Amino acid sequence: MEVVRRSSEHGLEGIRAASKNGRRGMSLELDRFLQHLRASLHLDAADAEPVLREINAHLEDRVADLQAQGFDRASAERLAIERFGDVRQVAREMCEAHQRPTWREALLAACPHGLVVLFFALGLSRNFPLLALAFAAITVVTFLFWRRGRPQWIYPWAGYSLFPLLVVLRLAVREVPNGFDSWLDAETSLQTGAETVALAVLFPLSWWAVVRVILEAARRDWLLASLMMLPMAVLSGWLLLLAPYGGYLWASPEDVAQFDPLMARMMLAVAVVVAVFFRFGARLLRFALLCGVALVSLAIINPIAEPGTGPAGLALRAVVLLGLLASPALLLLLLDGGPGSLWPPRGQSSGRAPA
Amino acid sequence: MWGMARREKYSGELLKGSMDCLLLALIGREPMYGYQLIREVERQSRGYLQFKEGTLYPALHRLEQDGFIQGRWERLPNGQERRYYSLTEEGEKALQAKARTWKSFAAAVNMVLRG
């Protein structure tokens, strides 16, 4: 008998094949339990597959013992699943045991933020060709590793890759008072029909790309998808700072450069937070960390960009910001019925033995 | 993880703190797989300690990530696979340290209880 050693996407097929050819076949009950566990585990494919194999072996041993005690197969499986415990708790604890990336991976995750720090610290924020090149390089790295199993550290890189698409979206929408508005004043609005048509075409494509990437990320782990949203939130704050001066494209180099030291410090703080994020275990604490750094950024930027904003306006902006960070989880709630780690996806059992 | 004695229920926090020590101690005697560990804990504690089975594996994986134990797959003649864990040198040191801590803690509690 050969055990199929593949990525976790095929892990269950491998376990089924192994069980089928071994001394016991996998039943529907155990299969459903393992599927639910798999959906709740937010691990890299290489980590999840052996976990599932080990737990399958455990359950088979327990079922065999119960059968030896006189239980029929169906009852033995129900009891084995019940004694195993709540699948969500097990998945959560397993995630916390495994999702402790090394410092190397934490530093890789902080790299794109570090690159942005360099840009601001060296006063290169107005060097559009170099900026475009940097975004292109980040996007290439993201694309390569997104297709190679999506290691956790790639998510901040993906966030920067999505930022230009969000710029396109905002440019096309022409609404919502924030940092993009100043691009659209009477002197700088797009005049040519070709540009308008191009935006009209790019708008749905960009929406599709952004939503698809966020949803794909969220289905793996909504927390990592929230991490992915963080650069967009903080860079939007930078554009808010530039709004009174005509926006990034039309502000003078001096007006843009005046905020470089502030943004360099802010992005350095974000880089440190992202590195620390990867070393924390508790998921809610990690989410709180993301929210904290985003809210601090808002608290620093908003009074500078819009001094007249009252508490209500600031609170509204904070809600929008937190909504942006929580949008992956909210998307899952809307489309899939909920993040797998919080409650079972539609159509799957809770992991407990049926009454 | 928590355990249930025949007549009383030990608090989860109490057992959680000693879980690593128990696992390292058992694995230190001989390499064991997960299900075997559960049975041994139950047998050697005469039924007073029972793991909530699912929470054993996160604990084992955490100990492995920390370098205290090392897992290896073994295939039985009937085709079944099991993952056996054995104690590493680091694990041996960790076990000694945890056992000392536990004994000190137990002695201190006993002193207070005796009055």
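The values are calculated or read from the model by the stated rules, or taken from the named source; none is laboratory data. Just so we're clear, the structure is a prediction, and the values are computed from it rather than from any experiment. Counting neighbours? That spans all protein chains shown, and the Cβs are built from the backbone with ideal geometry, glycine included.
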Would you confirm whether or not the range B:75-83 contains a residue that is touching a residue at least 24 places away in the same chain (Cβ under 8 Å) and over 15 Å from the mean Cα position of the chain (by Cα)? yes
Are any residues in the range A:110-128 touching a Phe, Trp or Tyr at 6+ places or on another chain (Cβ under 7 Å) and modelled with pLDDT under 90, and if so, which ones? A:S125
Is it the case that some residue within the range A:35-55 is away from every other protein chain (no Cβ under 12 Å), over 33 Å from the mean Cα position of the chain (by Cα) and modelled with pLDDT of 70 or more? no
From the options A:A80, A:A74, residue that is at negative phi, in a helix (DSSP H, G or I), modelled with pLDDT of 85 or more and more than 11 Å from every other protein chain (Cβ to nearest Cβ): A:A74
State which residue pairs qualify: first residue within 16 Å of A:M267 (Cα to Cα) and inside the range A:292-306, second residue among the small types (G, A, S) in any location, beta carbons under 7 Å apart, and separation of 6 or more residues or different chains. A:V293/A:A269; A:A294/A:A233; A:L295/A:A318; A:S297/A:G237; A:L298/A:G237; A:L298/A:A318; A:I301/A:G237
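Might you let me know whether the range A:54-73 holds any residue that is of a type in the set (A, V, I, L, M, F, W, C) and touching a Ser or Thr at 6+ places or on another chain (Cβ under 9 Å)? Let's see the steps before the verdict.
Our first condition is that a residue be of a type in the set (A, V, I, L, M, F, W, C); within the range A:54-73, this holds for A:55, A:57, A:59, A:63-64, A:66, A:68, A:71.
From what is left, the residues that are touching a Ser or Thr at 6+ places or on another chain (Cβ under 9 Å) are A:63, A:66.
Yes, the range A:54-73 has at least one match.
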Please go through the range B:37-53 and give me each residue that is under 11 Å from the mean Cα position of the chain (by Cα), crowded, with 19+ Cβ neighbours inside 10 Å and in a helix (DSSP H, G or I), ordered by number. B:L37, B:I38, B:V41
Please verify whether B:Y57 is closer than 20 Å to A:R62 by Cα, in contact with a His (Cβ under 8 Å, 6 or more places away or on another chain) and surrounded by 15 or more Cβ atoms within 10 Å (Cβ to Cβ), treating the condition exactly as stated. yes
Filtered residues of the range A:100-125 (kept if surrounded by 21 or more Cβ atoms within 10 Å (Cβ to Cβ) and either within 14 Å of chain B (Cβ to nearest Cβ) or more than 17 Å from the chain's Cα centre (by Cα) (or both)): A:V116, A:F120, A:S125
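Quick one: is A:A64 buried (at least 19 other Cβ atoms within 10 Å of the Cβ), of a type in the set (A, V, I, L, M), more than 9 Å from every other protein chain (Cβ to nearest Cβ) and part of a helix (DSSP H, G or I)?
No, not satisfied.
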Give A:A312, A:A318, A:A275 a once-over and let me know the one that is assigned to a helix (DSSP H, G or I) and closer than 24 Å to A:I154 by Cβ. A:A275
Would you confirm whether or not the range A:157-172 contains a residue that is crowded, with 18+ Cβ neighbours inside 10 Å, among the aromatic types (F, W, Y) and at pLDDT 90 or above? yes
Do any residues in the range B:44-69 that are facing chain A (nearest Cβ under 9 Å) and over 20 Å from B:L87 (Cβ atoms) have Cβ atoms under 7 Å from those of residues that are of a type in the set (V, I, T) and in a helix (DSSP H, G or I), where the two are at least six apart or on different chains, and which pairs are they? B:E53/B:I38; B:G54/A:V90; B:T55/A:V90
With out of contact with any Pro (no Cβ under 9 Å at 6 or more places or on another chain), modelled with pLDDT of 85 or more and either within 22 Å of A:L59 (Cα to Cα) or surrounded by 13 or more Cβ atoms within 10 Å (Cβ to Cβ) (or both) as the only criterion, which of B:G17, B:G28, B:G3 stands out? B:G28
